[in-house]
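**Q** Shown below is the structure under consideration.
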Ligand SMILES: [Cu+2]
Ligand SMILES: [Zn+2]
């Protein structure tokens, strides 16, 4: 059993807030760029001062292209319409510059990249200390917003990481 799955099992036992984002193959880009990505993103956080754990379980990434890393962000809107265009820009309540997950500054929604395996799946656990499931007045509350999974990797550059198109998206409930 890998460390990340041990951590995931431990999280099942934690009290606190829980939210889910269901990724459906029906949302995202169409045509040549379409990839039938589906799965679940589960968020857990014990209290307003503790870390947020984001468990990502997805399948359907195209394994025959060169893109194995995919920009992974929380965007500012919870609307999967318009092939994920309606999700708006990165969740950035403090009006700072874009950055990768470990950077300072970074948008609250900047979670860096997820990496697909050779079967086109992503199973990972992300620990984040900015986004929150508690609406405690810090403006970092992400309930009702959503995730966007990008075609290319977030390079940490520009205003949004130059991660190209939007492959899939979901709303955090
Ligand atoms: Cu994004
Ligand atoms: Zn950003």
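The values are calculated or read from the model by the stated rules, or taken from the named source; none is laboratory data. Keep in mind it's a predicted model, so treat the numbers as computed, not measured. Counting neighbours? That spans all protein chains shown, and the Cβs are built from the backbone with ideal geometry, glycine included.
**Q** I'm told residue 137 meets every condition in (1) within 16 Å of ligand 2 (Cβ to nearest atom); (2) assigned to a loop (DSSP other than H, G, I, E, B) except one. Can you identify the failing condition by its number?
**A** (1)
**Q** Within 13 Å of ligand 1 (Cβ to nearest atom) and surrounded by fewer than 19 Cβ atoms within 10 Å (Cβ to Cβ) - does that describe any residue in the range 116-130?
**A** Here is the first cut: in the range 116-130, the residues within 13 Å of ligand 1 (Cβ to nearest atom) are none.
No: zero hits.
**Q** Still on this structure: Among the residues of the range 111-134, which ones are touching a helix residue (DSSP H, G or I) at 6+ places or on another chain (Cβ under 9 Å) and farther than 17 Å from residue 68 by Cβ? Walk me through it before giving the result.
**A** At the first step, the residues of the range 111-134 found to be touching a helix residue (DSSP H, G or I) at 6+ places or on another chain (Cβ under 9 Å) are 123-125, 127.
Within the range 111-134, 125, 127 qualify.
**Q** Taking the stated definitions as given, is residue 99 surrounded by fewer than 16 Cβ atoms within 10 Å (Cβ to Cβ), within 16 Å of ligand 1 (Cβ to nearest atom) and not in a strand (DSSP E or B)? Before you say what the answer is, go through the steps one by one.
**A** On the way: surrounded by fewer than 16 Cβ atoms within 10 Å (Cβ to Cβ): no; within 16 Å of ligand 1 (Cβ to nearest atom): yes; not in a strand (DSSP E or B): yes.
Judged against the criteria, residue 99 is not a match.
**Q** Considering each residue of the range 140-163, count those that are away from ligand 2 (no atom under 13 Å from the Cβ), without any contact (Cβ under 8 Å) to a residue 60 or more places away in the chain and part of a loop (DSSP other than H, G, I, E, B), and give that number.
**A** 1
**Q** So, one more: For residues in the range 101-110 being more than 9 Å from ligand 2 (Cβ to nearest atom) and touching a strand residue (DSSP E or B) at 6+ places or on another chain (Cβ under 9 Å), which is nearest to residue 67 (Cα to Cα)? Write out each step before concluding.
**A** Taking the range 101-110 first, the residues more than 9 Å from ligand 2 (Cβ to nearest atom) are 101-105.
If we keep only those that are touching a strand residue (DSSP E or B) at 6+ places or on another chain (Cβ under 9 Å) too, we end up with 101-103.
Numbers: 101: 19, 102: 21, 103: 22 Å.
Residue satisfying both the conditions and the ranking: 101.
**Q** Condition first: within 19 Å of residue 29 (Cβ to Cβ), under 12 Å from the mean Cα position of the chain (by Cα) and modelled with pLDDT of 95 or more. Can you find one or more residues in the range 113-120 that meet it? Before you say what the answer is, go through the steps one by one.
**A** Within the range 113-120, the first condition is being within 19 Å of residue 29 (Cβ to Cβ), and the residues that meet it are 113-114, 116, 120.
Subset that is under 12 Å from the mean Cα position of the chain (by Cα): 113-114.
Those left that are additionally modelled with pLDDT of 95 or more: 113-114.
So far as the range 113-120 goes, yes, one or more of its residues are within 19 Å of residue 29 (Cβ to Cβ), under 12 Å from the mean Cα position of the chain (by Cα) and modelled with pLDDT of 95 or more.
**Q** A further question follows. Of the residues 66, 85, 163, 77, only one is within 12 Å of ligand 1 (Cβ to nearest atom) and at pLDDT below 95; which? Full working, then the answer.
**A** On the way: 66 fails: within 12 Å of ligand 1 (Cβ to nearest atom); 163 fails: at pLDDT below 95; 77 fails: at pLDDT below 95.
From the options 66, 85, 163, 77, the qualifying one is 85.
**Q** Sticking with this structure for a sec: Which one of the conditions (1) modelled with pLDDT of 95 or more; (2) away from ligand 2 (no atom under 11 Å from the Cβ) does residue 97 fail to meet, given that it meets all the rest?
**A** Evaluating residue 97 over (1) modelled with pLDDT of 95 or more; (2) away from ligand 2 (no atom under 11 Å from the Cβ) leaves (2) as the failure.
**Q** Same structure again: Condition (residue is within 15 Å of ligand 2 (Cβ to nearest atom) and in a loop (DSSP other than H, G, I, E, B)) applied to the range 120-129: is it met by at least one residue?
**A** No: the range 120-129 contains no residue that is within 15 Å of ligand 2 (Cβ to nearest atom) and in a loop (DSSP other than H, G, I, E, B).
**Q** Being within 12 Å of ligand 2 (Cβ to nearest atom) and touching a strand residue (DSSP E or B) at 6+ places or on another chain (Cβ under 9 Å) is the requirement here; does residue 78 meet it?
**A** no
**Q** Any idea which residue in the range 81-93 is surrounded by the fewest Cβ atoms within 10 Å (Cβ to Cβ), counting only those that are within 12 Å of ligand 2 (Cβ to nearest atom) and either free of Cβ contacts under 8 Å to residues at least 24 places away in the same chain or within 8 Å of residue 107 (Cβ to Cβ) (or both)?
**A** 88
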